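Data block below; observations after.
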Amino acid sequence: LTLTLMLCCIFSSNAQVSSMRLGYCNGEVASKGQIGISGENTIEAAIFLTQSQLSIHNGNQIESIKAGLATKLNLTSLTVWVRSELNGENLAEGTAESIKKGWNDIFLTSPYTITGEKGLYIGYTFTQKGSAYGISTVGSYVENGLFIKLGNDSEWESPTEYGIASIEAMIIGENLPKYDLSLISASTKENYPIETPMPINIEVRNVASHTITG
């Protein structure tokens, strides 16, 4: 069987940079939210970066967190954080001085140094004074791409129907990886004639600091 591979590569950063973003949404933020709740409440959203993803960043630091919001209507506060457990304490945090629809790039009070010994949850908490659909989700769900807690007395859940949370960690340091290809998706037709070349559409993304040119 002959496989014809058609690669669609998305590069997340340019060559020789001293910072990079790490997440699943590829810089996308929604113009309209799908997830909301009424009344005064506290809402949380997060992604999980695995130990494997972080191990190549030993010694680098998470300097800020980008929180993508689908709306700022009725939102009264916004805090970003780093945790080792969803219900754990904040290992690092930062609070927005003002809230914007779209990307909110919020610096941590103290940068968090990555050891690569464990995975980390990267997320945000916002309070609302009334009905709000602030959580931005985009694309199709991927593992570890969306965790939400809707309300003060709710439990964390990971729904698959909404896609990926618009959350990214901004990483700085002297140990940024040059190349780190990640397979995003692969697809082909369900049925194809035997002994005929079968095209496969593959999307890969370089989640590192240097642009791949060949």
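The values are calculated or read from the model by the stated rules, or taken from the named source; none is laboratory data. Small disclaimer: the values here were computed from a predicted structure and weren't measured. Glycine gets a Cβ as well: all are built from the backbone with ideal geometry, and neighbour counts include every protein chain shown. We work out accessible area using only protein heavy atoms, side chains counted, and drop any ligands, DNA or RNA first. Shrake-Rupley method; radii C 1.70, N 1.55, O 1.52, S 1.80 Å.
Of the residues in segment 147-155, at least one is under 13 Å from Leu49 (Cβ atoms) and in contact with a Ser or Thr (Cβ under 8 Å, 6 or more places away or on another chain).
For first residues located in segment 177-189 and modelled with pLDDT of 70 or more, partners that are acidic (Asp, Glu) and open to solvent by less than 100 Å² (accessible area, probe 1.4 Å) and lie 6+ apart or on another chain with Cβ distances below 9 Å form the pairs Leu183/Glu203; Ser185/Glu203; Ala186/Glu203; Ser187/Glu203. Of the residues Glu93, Glu44, Glu117, the single one that is touching a Leu at 6+ places or on another chain (Cβ under 9 Å), in a strand (DSSP E or B) and open to solvent by 70 Å² or more (accessible area, probe 1.4 Å) is Glu93. Scan segment 19-41 for residues that are at pLDDT 95 or above, open to solvent by 30 Å² or more (accessible area, probe 1.4 Å) and either aliphatic (A, V, I, L, M) or within 13 Å of Leu120 (Cα to Cα) (or both) and jot them down. Once the filter is applied, which keeps residues that are at pLDDT 95 or above, open to solvent by 30 Å² or more (accessible area, probe 1.4 Å) and either aliphatic (A, V, I, L, M) or within 13 Å of Leu120 (Cα to Cα) (or both), segment 19-41 yields only Val29. When every residue of segment 52-62 is checked against the conditions, none turns out to be assigned to a loop (DSSP other than H, G, I, E, B), of a type in the set (Val, Ile, Thr) and in contact with a strand residue (DSSP E or B) (Cβ under 9 Å, 6 or more places away or on another chain).
Checking each residue in segment 134-176 for being under 21 Å from Ile62 (Cα atoms), of a type in the set (D, E, K, R) and either open to solvent by 40 Å² or more (accessible area, probe 1.4 Å) or at pLDDT below 95 (or both) picks out only Glu174.
Taken residue by residue, segment 137-145 has at least one member that is part of a strand (DSSP E or B), within 16 Å of the chain's Cα centre (by Cα) and farther than 23 Å from Gly88 by Cα.
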